[in-house]
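First up is the structure itself, then whatever we jot down about it.
No lab work stands behind these numbers, since they all come straight from the coordinates. Please read these numbers as outputs of a predicted model, since none were measured by experiment. Every residue, glycine as well, gets a Cβ built from its backbone with ideal geometry; the counts of neighbours run over all protein chains shown.
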Amino acid sequence: MILVLSSSLHPDSRSRILARATLARLTEIGEDTDWFDLASTPLPPCDGATAYGDANVQDLSKRIHQANAVLIASPVYNFDVNAAVKNAVELTGKAWTGKTVGLMLSAGGQGSYMSGMGLANSLMLDFRCLIVPRFIYATGESFEGDQLADESIQQRVNQLADETARIARALAS
Ligand SMILES: Cc1cc2nc3c(=O)[nH]c(=O)nc-3n(C[C@H](O)[C@H](O)[C@H](O)COP(=O)(O)O)c2cc1C
């Protein structure tokens, strides 16, 4: 099973459009999927103490734990992923151990292309995650309303979904 984690808290998020497109592709190729949206299922700020007992935190931890791979969609905020996804990783920690992880980013401009590397490094070094070496990075011109409207980004969505599924299946067998 592959979990798609959408982390933008914006009501009209573009990274959520990427996440939904990826979910659709995974379904198309016959993968079992799960979906978690931090905008509709809020998590408490990580305090390193009582927040771990929150029901939504425990639910997300369980879903990450059960997944063979996790595909994270995030906005680029200040040359990084947003605070919501960092907070989610802080809260769920060890559930990420050994997971295959792919990243898709929505940004305001082309210059922040490397913004996912901090999260990728932390997942690799902290939790021995295997990072799929195929990112999606899209800016505003790739979208029309609530739709993805860029064939090259759609191709990248398909490649990320296909490659993640292939790696996750290979590692599970
Ligand atoms: C607080 C904040 C910081 C941002 N920082 C960057 C940035 O460093 N680089 C960039 O390209 N875009 C930046 N943006 C633009 C967002 O990445 C862009 O609006 C993106 O579409 C947001 O993703 P979302 O639509 O999924 O929420 C920033 C936006 C906000 C609100």
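Some notes on this structure:
- Three-way shape label, the range 23-120, alpha-carbon gyration tensor, a/c 1.5: oblate
- Fraction of antiparallel bridges per DSSP, the chain only, in percent to nearest 5: 15
- For the range 82-173, trypsin sites (Lys or Arg not before Pro) are listed when DSSP marks them as loop and at most 13 other Cβ atoms sit within 10 Å of their Cβ; the list is 128.
- Taking the chain as a Gaussian network of alpha-carbon nodes connected by springs under 10 Å, the highest mean-square fluctuation of the residues 116, 98, 140 belongs to 140.
- The range 85-173: C-alpha gyration tensor shape, a/c 1.5 cut-off, then a/b vs b/c: oblate
- Candidates 102, 30, 118: whichever shows maximal mean-square fluctuation once the chain is modelled as a Gaussian network with Cα springs under 10 Å: 30
- Exposure proxy ranking, count of Cβ atoms within 10 Å, fewest first, for 36, 135, 79: 79, 135, 36
- Annotation: amide H-H contacts under 5 Å for residue 131 (H modelled 1.01 Å from N, sequence separation of 5 or more, or interchain): 101.
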